[in-house]
Amino acid sequence: MHKLTRRNVIVKLTGTGAALMCPAILNAQTVDLDWDNVPTTAPIGQDRLINVDAGTSQIEISALQPGEVAVIARPTTDETYSATGMIQYIAVHHRTPDQITFGEANDQAGTVQNSTYFVVNLVCEHRGKAIGITGDPNVPFACTDRGSRHSSNYNASGIGVSGASEGDSLSFPDYTLSVEGDQMILQLA
Ligand code: FES
């Protein structure tokens, strides 16, 4: 079983509005910053990925604190992920109490198993480019393709709020969350 460590934390999303972040430390950027030259094949923060093998996988995520996001990378044969080099990137966001309230009001039925943890595929609904983590808790997910016909931004429930995928929802992996003693286990099918 894989174990999430503090090194795997990409960003902490707290409060409202743009988060205060240090890109040099977190390797993450806000949407307002220039994303023109970022690669579209992988999310921002890729040096902190939790790399797992293809197929089913278990990750112990107890170390993820409220507000924090980590990203799992898993090889796949699913053509949905051809634009990301056949790698399925999956974000895990441990929500704060306010973010749980937002999720319970806005999450689409059947997409979130446990409202404390938001687990979502980082693949854009438009043309399958990688979704980056912005650091803005109101718009935490954004397509890495910032072209004029792309530039999708998604809210904390994974719903497109602007750009080419406005109104569309990010997809969700097949997963289960379970508690074993004092451990929270994410099982990817
Ligand atoms: S591929 Fe993401 S907006 Fe076009």
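Throughout, read-outs are computed from the coordinates displayed, never taken from laboratory work. Since this is a predicted model, take the numbers as computed values, not measurements. Cβ coordinates were reconstructed from backbone atoms using ideal geometry, including for glycine residues, and neighbour counts include every protein chain displayed.
So here's what we get for this one:
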| item | result |
| --- | --- |
| Only one of PHE141, PHE118 that is touching a Ser or Thr at 6+ places or on another chain (Cβ under 8 Å), within 16 Å of the ligand (Cβ to nearest atom) and closer than 24 Å to LEU49 by Cβ | PHE141 |
| Matching residues, segment 121-138, being out of contact with any Cys (no Cβ under 8 Å at 6 or more places or on another chain) and within 16 Å of the ligand (Cβ to nearest atom) | ASN121, LEU122, VAL123, GLU125, ARG127, GLY128, ILE133, THR134 |
| Options VAL92, VAL112: the member that is buried (at least 19 other Cβ atoms within 10 Å of the Cβ), away from the ligand (no atom under 16 Å from the Cβ) and under 11 Å from the mean Cα position of the chain (by Cα) | VAL92 |
| Members of segment 97-109 that are exposed (fewer than 13 other Cβ atoms within 10 Å of the Cβ) and of a type in the set (A, V, I, L, M) | ALA105, ALA109 |
| Test result for ASP145, of a type in the set (D, E, K, R), buried (at least 21 other Cβ atoms within 10 Å of the Cβ), in a loop (DSSP other than H, G, I, E, B) and touching a Cys at 6+ places or on another chain (Cβ under 8 Å) | yes |
